[in-house]
Amino acid sequence: MRLPQFLDIEFVDAQDACFPTAIAWSLADGAMKTVVIEPDDAWLPDDPDGLDVDLTYLQEQGVPLLELARELNEDLADQTVFVDGLDPDEALMDLLFDTLRMPVPFELATVDHLIKHRPYEELEDWRRELLFTHGLDPQLPESSVFALLMLARDGGLIPEGTDTGDL
C-alpha cells in the first residue's frame with residue numbers, strides 16, 4: 001500500500017540570505033529520511049557572520065546538493081508530496097534544484113489538498129496539537145513530517161495497524 005508522502009524543510013531566513021539547511025520526507029511505506037543540507041556557496045551572503053546557523057556544521061556534515069537531489073528523485077519522483085504550508089517550501093525546493101539546473105521531479109501541495117474534509121486552519125491547529133502532545137520539536141523537519149503522517153492517519157488516510165514506525 002502506497003501512503004501519502006510528506007516533506008518539511010528547515011531554512012535560514014536572514015536579510016540577505018534564504019536557503020535550506022535540513023530536510024525530512026516520508027517514503028511510500030511511511031518510513032522517514034532526514035538530512036542536513038550542505039549549502040551552495042552562491043546561497044551565502046558576503047558576510048555570513050550574521051546568520052543564525054552554524055555554517056561549519058552544515059559544510060562538514062551536510063549532504064551535497066547533487067546527492068540530495070538524486071535521493072529526492074529516487075524517493076519522490078512523479079508524486080504529489082504534501083507540506084504543512086507554513087514555510088516557503090516550494091521556493092526552497094526550487095532554489096535547491098535550480099542551483100543544480102534540474103527540474104523539481106515532484107509536485108508540492110499543502111496538506112489541505114490531501115485532507116479535504118477539514119479547513120486548513122483546523123488542520124494547522126490539529127498539527128500543532130499533535131506536536132505538543134507528542135513532545136515534538138517544531139523546529140525539526142522530522143517532527144513536522146511525523147505530525148503530518150499522524151494527521152493523515154487520524155484523518156483516515158492511513159489505515160490503523162499500518163506499519164509506519166512509531167505511529
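The values are calculated or read from the model by the stated rules, or taken from the named source; none is laboratory data. If you're wondering where the values come from, they're calculated on a predicted model, not measured in any experiment. So basically every Cβ, Gly included, is an ideal-geometry build from the backbone, and we count neighbours across all protein chains shown. These area figures cover heavy atoms from the full protein model, side chains too; ligands, DNA and RNA do not enter into them. Shrake-Rupley method; radii C 1.70, N 1.55, O 1.52, S 1.80 Å.
Take the residues in region 129-167 that are of a type in the set (Asp, Glu) and at pLDDT below 90; name whichever of them is least open to solvent (accessible area, probe 1.4 Å).
At the first step, the residues of region 129-167 found to be of a type in the set (Asp, Glu) are 129, 137, 142, 154, 160, 163, 166.
Then drop every residue that is not at pLDDT below 90, which leaves 154, 160, 163, 166.
On the way: Asp154: 68, Glu160: 146, Asp163: 126, Asp166: 138 Å².
Only one residue tops the list, namely Asp154.
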Practice task
Look at Ala17 and say whether it is modelled with pLDDT under 90 and more than 23 Å from Leu151 (Cα to Cα).
Solution key: yes
Handout entry: Test: Thr34 is closer than 20 Å to Phe146 by Cβ, open to solvent by 50 Å² or more (accessible area, probe 1.4 Å) and among the hydroxyl-bearing types (Ser, Thr, Tyr)
Key = yes
Handout entry: Residue among Asp112, Asp78 that alone is open to solvent by 40 Å² or more (accessible area, probe 1.4 Å) and in contact with a helix residue (DSSP H, G or I) (Cβ under 9 Å, 6 or more places away or on another chain)
Key = Asp112
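Which is in contact (Cβ under 8 Å) with a residue 24 or more places away in the chain and in contact with a Gly (Cβ under 7 Å, 6 or more places away or on another chain), of Val63, Val36, Val53?
On the way: Val63 fails: in contact with a Gly (Cβ under 7 Å, 6 or more places away or on another chain); Val53 fails: in contact with a Gly (Cβ under 7 Å, 6 or more places away or on another chain).
That would be Val36, the only listed residue that is in contact (Cβ under 8 Å) with a residue 24 or more places away in the chain and in contact with a Gly (Cβ under 7 Å, 6 or more places away or on another chain).
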Exercise for the section: Can you work out which of the residues in region 37-57 that are in contact with a strand residue (DSSP E or B) (Cβ under 6 Å, 6 or more places away or on another chain) and among the β-branched types (Val, Ile, Thr) is surrounded by the fewest Cβ atoms within 10 Å (Cβ to Cβ)? Expected result: Val53
